[in-house]
Ligand code: ADP
Ligand code: MG
């Protein structure tokens, strides 16, 4: 049998015999949730970045340090949790002091902005691989999970989609745009922690968009046993992305490209006014792009035509090495 990343996760979660009374949420969401005596639940998430898979050889170490922490903080943002601690497991091919100092600048720059303390980790020799674990807290019972979306809820996204994917296309030489200036969307994503914290109590479900809107919304749909209709024209796109779609006809990119680290959330009709109130004064936009439906599957409405849309995003072990 050929396993994908998700088969491996299922294998591990099915083997689990221990069930701790403090485990509120185990495998299957953006973070695990563990009950503590303080009235706050602990939110725990971990993500790995591997050279050649998640980033190019020779990429700026400062960006790498930033991104390794940012992608983890994004998982806490999706739960509405506040970050506190991190551990860092670094596998390095060799010691390069200049590289390490650059990496530290990126990692600690973001850590300090969000009051995250590095409390441990591991250092080993091998192919460049960076694993970060983050631990945060969220008031008991208030975390946003993937499983609570209901038919009739509206679907919202923060910010703009597709610019990280467009950066990658330009860097790979698959598309040219001399005016494109948003490479930071790929190299230095902003975890939507402030937005996530404000969305608690308003959103019925939430996920961060790491693998593309279709794939990540798909996780909400599966966990909540619902379907969705997305209004393509409502998806917020940057000027560069609009130009890309017009030039190439590739309207799928904002639905399938990963690495944006925006939030996708669902909101019930009676909470929609609250949403506006909760997000007032923030710099980040939050746009209604679709609706949750009872019928399973994801459908896209574009140019008044509805198409069934299946995209699982990047799944490790499905491509040849
Ligand atoms: P995300 O994209 O939000 O980081 P993933 O798709 O990586 O989420 O993981 C989905 C779920 O599976 C998460 O709950 C994660 O903690 C869990 N998971 C992934 N790999 C493993 C593993 N090897 N053992 C146990 N749980 C895992
Ligand atoms: Mg996630």
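The values are calculated or read from the model by the stated rules, or taken from the named source; none is laboratory data. Keep in mind the model is a prediction, meaning the values are calculated, not measured. Here the Cβ is made from the backbone with ideal geometry for all residues, glycine too, and neighbour counts use every protein chain on show.
Structure notes:
- Checking residue 15 against (1) out of contact with any helix residue (DSSP H, G or I) (no Cβ under 6 Å at 6 or more places or on another chain); (2) away from ligand 1 (no atom under 14 Å from the Cβ), the condition it does not meet: (2)
- Condition met for residue 143 (in contact with a strand residue (DSSP E or B) (Cβ under 7 Å, 6 or more places away or on another chain), under 24 Å from residue 27 (Cα atoms) and assigned to a helix (DSSP H, G or I)): no
- Residue in the range 4-20 that is within 16 Å of ligand 2 (Cβ to nearest atom), under 20 Å from the mean Cα position of the chain (by Cα), under 24 Å from residue 190 (Cβ atoms) and free of Cβ contacts under 8 Å to residues at least 60 places away in the same chain present: no
- Per this entry, residue 115 is not counted among residues that are modelled with pLDDT of 95 or more and within 16 Å of ligand 1 (Cβ to nearest atom).
- Scanning the range 44-65 for residues that are buried (at least 16 other Cβ atoms within 10 Å of the Cβ), within 15 Å of the chain's Cα centre (by Cα) and more than 10 Å from ligand 1 (Cβ to nearest atom) turns up at least one hit.
- Candidates 308, 216, 270 - the one that is farther than 29 Å from residue 182 by Cβ and touching a strand residue (DSSP E or B) at 6+ places or on another chain (Cβ under 7 Å): 308
- Restricting attention to the range 165-217, the residues that are at positive phi and within 16 Å of ligand 1 (Cβ to nearest atom) total 1.
- Neighbours by Cβ (under 8 Å, 6+ apart or cross-chain): first from the range 218-229, over 17 Å from residue 267 (Cβ atoms) and away from ligand 1 (no atom under 16 Å from the Cβ); second part of a loop (DSSP other than H, G, I, E, B) and at pLDDT below 95: none
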